[in-house]
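Please read the structure below before turning to the comments.
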Amino acid sequence: MGGWAIAVHGGAGVDPNLPPQRQEEAKQLLTRCLNLGISALRSNDSAIDVVELVVRELETDPLFNSGRGSALTAEGTVEMEASIMDGNGRRCGAVSGLTTVKNPVSLARLVMEKSPHSYLAFSGAEDFARKQGVELVDNEYFITEENVGMLKLAKEANTIVFDYRIPTVGSESCSAVAESPIQMNGLPISVYAPE
Amino acid sequence: TVGCVVVDSKGRCAAATSTGGLMNKMNGRIGDSPLIGAGTYACNVCGVSCTGEGEAIIRGTLAREVAAVMEYKGLSLQEAVDFVIKERLDEGQAGLIAVSNKGDVACGFNTTGMFRGCATEDGFMEVGIWE
């Protein structure tokens with residue numbers, strides 16, 4: 001049997017023009033999260049504790065699309081979702097539609113461990129969060145300047161944008177988004193734009 | 001979207017995924033990240049976390065598919081990841097990270113780049129963005 005192993009991700013689909021300084025920031029965050037997980041594994045923490053610990057760190061840092069720094073809805077708000085699964089016994093928990101829970105992955109774990117269900121969403125999930133006493137914050141906490149700009153670009157391009165960090169440059173990138181042949185399920189992304 | 005997969009020193013696997021979803025999405029839209037078997041899956045064979053085009057990941061039940069081809073086709077972890085990214089996404093674009101109960105770690109994506117990092121007990125550690 002091999003030893004421990006860990007992998008983290010911050011999203012797929014990266015803007016090819018992402019500035020080198022942003023790339024370096026991303027690498028530093030990924031390295032910091034790996035080291036956090038490695039020291040927990042060296043202390044013999046269980047796999048389920050380590051994945052929760054690392055994803056909490058990624059949710060708290062605004063760099064990637066989760067927790068603080070989440071993508072915005074068409075109305076400029078944040079709606080977050082998360083899930084967690086323990087291979088030991090295949091237990092799982094999931095949440096969707098969260099607007100005030102600071103760390104969605106920890107609420108997903110509480111669904112797994114403290115509720116008779118495996119998935120809670122929207123107002124039911126928020127009520128459960130209050131009952132469980134997890135940290136709650138205003139929706140504004142999750143909204144960053146950069147993502148307000150990104151939403152503006154997406155609306156101008158009348159499209160939906162993936163885990164994309166389009167640098168906050170002028171509107172030419174918006175035309176890039178509009179012209180880029182982004183497809184979803186084999187259809188041009190503009191098909192989904194009305195959403 | 002962010003995710004983490006781990007196999008600990010007792011060979012137990014786990015996976016977690018968290019996201020804000022798509023920029024400019026409809027209120028009420030649910031993507032792949034909270035769907036067990038699509039964006040996140042873990043069993044006694046492996047742990048998987050996915051990211052990318054949620055609708056394609058859901059239709060392909062991508063995370064569970066990695067475990068399934070390991071169990072039923074006897075593929076190794078990296079072979080399973082490569083197979084699933086190549087054969088189960090149709091036109092969709094996505095990426096995933098995975099660990100196996102044997103201490104292997106793997107990553108695969110058909111997008112332009114993926115923010116990822118991995119490490120193993122024997123000292124291997126890698127952080128990357130591009131191919």
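The values are calculated or read from the model by the stated rules, or taken from the named source; none is laboratory data. None of the values given here were measured: they were computed from a predicted structure. Cβ sites come from the backbone with ideal geometry, for glycine too, and all protein chains shown count toward neighbours.
For the reader, a short list of remarks on this structure follows.
- Criterion (more than 7 Å from chain B (Cβ to nearest Cβ) and crowded, with 19+ Cβ neighbours inside 10 Å) met by exactly one of A:Arg42, A:Arg68: A:Arg68
- As for the stretch A:148-165, it holds at least one residue that is surrounded by 14 or more Cβ atoms within 10 Å (Cβ to Cβ), at pLDDT below 95, in contact with a Pro (Cβ under 9 Å, 6 or more places away or on another chain) and more than 27 Å from A:Pro20 (Cβ to Cβ).
- Extreme residue, surrounded by the most Cβ atoms within 10 Å (Cβ to Cβ), among residues of the stretch A:13-39 that are closer than 20 Å to B:Gly47 by Cα and more than 9 Å from every other protein chain (Cβ to nearest Cβ): A:Leu36
- Filter result for A:Val105 (outside any loop (DSSP other than H, G, I, E, B), β-branched (Val, Ile, Thr) and either at the interface with chain B (Cβ under 7 Å from one of its Cβ atoms) or touching a Ser or Thr at 6+ places or on another chain (Cβ under 6 Å) (or both)): yes
- Scanning the stretch A:51-58 finds one or more residues that are surrounded by 18 or more Cβ atoms within 10 Å (Cβ to Cβ), among the basic types (Lys, Arg) and in a helix (DSSP H, G or I).
- When residues of the stretch B:14-27 are limited to those that are over 16 Å from A:His9 (Cβ atoms) and assigned to a strand (DSSP E or B), the one nearest to the other protein chains (Cβ to nearest Cβ): B:Met23
- Matching helices (runs of 4 or more DSSP H) fully within the stretch B:28-131 where at least 3 residues are more than 7 Å from chain A (Cβ to nearest Cβ) and closer than 20 Å to A:Asp86 by Cβ: B:62-73
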